[in-house]
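Working notes for the structure below.
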Amino acid sequence: MPESYSVNQLKTWNKCQKKYEFDYVRKLLWPANPKNFRLGKGVHQLLDYASRKLPLAPILTSADADIVSVWQILNDSKWAKLPIIASEWGFSLEIQKSWLYGRIDRIAQEDDRIHILDWKTGTGIPYPAQEDWQTLIYLYAVFEAQKELGISIKADQLTFTYVQVNHNALKTVQVPYSTALHEQIQDRLTQTLDIIQATSSFQLPPQCPDRFCPYRKICGIESPEILEELSDPQAENKVKSVVAEEIF
Ligand code: SF4
């Protein structure tokens with residue numbers, strides 16, 4: 001049976017193999033606090049509804065003030081005014097008998113150029129943007145799915161454009177595409193999926209890259225001896241209770 005991978009899964013793999021193990025191999029996948037997503041979710045919904053010309057007035061009167069304020073800044077920007085090819089476009093991409101899936105905020109056209117637009121509200125723009133899996137996979141997916149999207153472009157007509165609102169100011173970071181980058185991404189994806197599928201021992205990074213990670217007490221970054229204790233499959237309930245204590 002083919003494996004499937006989300007963009008977040010590959011980002012987690014890059015960040016910390018141990019977190020990847022807890023999230024996707026042992027499938028602990030602890031739900032994140034919904035409060036962390038309130039602003040982003042609200043703004044993305046408003047932008048999507050606006051792109052579909054749905055009536056916004058009833059939502060705007062009851063939405064939180066910060067959601068309306070950030071939405072207004074993005075919706076007034078030149079990026080939201082470009083002709084729309086797709087909004088909240090979901091894709092599945094076959095790579096070497098595996099499937100990669102994701103969802104792109106908006107694809108828009110500016111003259112003969114296509115922009116993949118990613119709205120950033122709470123979280124920052126990844127740095128360096130040109131090395132982030134989200135940037136690379138979205139570029140690759142749009143270029144591969146031209147027929148489905150009804151476009152026909154050369155690689156250098158495609159750009160990933162992050163659009164961020166930070167302290168009420170707009171910031172953009174762009175990553176241009178090219179034929180060479182398309183080939184590099186294909187090679188990198190193939191190699192990475194091969195490595196993930198062949199890995200059975202997941203390594204800790206030299207330093208923790210995520211101060212909000214719920215696995216701090218069990219991953220071994222603070223106390224290496226706990227790893228051995230919790231690696232026994234019988235210890236799964238203990239793992240869950242330690243993580244739950246960390247979160248709640
Ligand atoms: S706490 Fe840090 S080192 Fe441990 S699993 Fe999470 S991200 Fe990795």
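Relative contact order of the chain: 19 percent, from C-alpha pairs under 8 Å at least 6 residues apart in sequence. Assuming charge only on the beta carbon of Lys and Arg (+1) and of Asp and Glu (-1), the dipole of the chain about its Cα centre is about 620 debye to the nearest 20. Under 20 Å between alpha carbons, and skipping anything fewer than 8 positions from LYS18 in its own chain: which lysines qualify? Leaving aside lysines fewer than 8 places away in the same chain, those within reach of LYS18 are LYS27, LYS217, LYS238, LYS240. Simple rule: put +1 on each Lys or Arg Cβ and -1 on each Asp or Glu Cβ in segment 33-204, find the dipole, and look at ALA65, ILE195, ILE125; the Cα lying farthest toward the positive end is ALA65. The Cα center of segment 117-132 and the Cα center of segment 58-116 differ in position by 13 Å.
Which order do the peptides 180-190, 19-29 take when ranked by the mean count of other beta-carbon atoms within 10 Å per residue, highest first?
Packing order, densest peptide first, comes out as 19-29, 180-190.
Relative contact order for segment 74-211: 19 percent, from Cα pairs under 8 Å spaced at least 6 residues apart, divided by residue count. Entry note, the chain: the mean residue ellipticity at 222 nm calculated from DSSP H runs of n ≥ 4, each adding -39500 (n - 2.57), is -12000 deg cm²/dmol after division by the residues and rounding to the nearest 500. The fewest-to-most ranking of CYS213, CYS208, CYS219 by surrounding Cβ atoms within 10 Å reads CYS208, CYS213, CYS219.
Every read-out reported here was derived from the displayed coordinates using simple, explicitly stated rules and does not represent laboratory data. These numbers were taken from a predicted model, which means no experiment stands behind them. All Cβ positions, glycine included, derive from the backbone under ideal geometry; neighbour counts span all protein chains shown.
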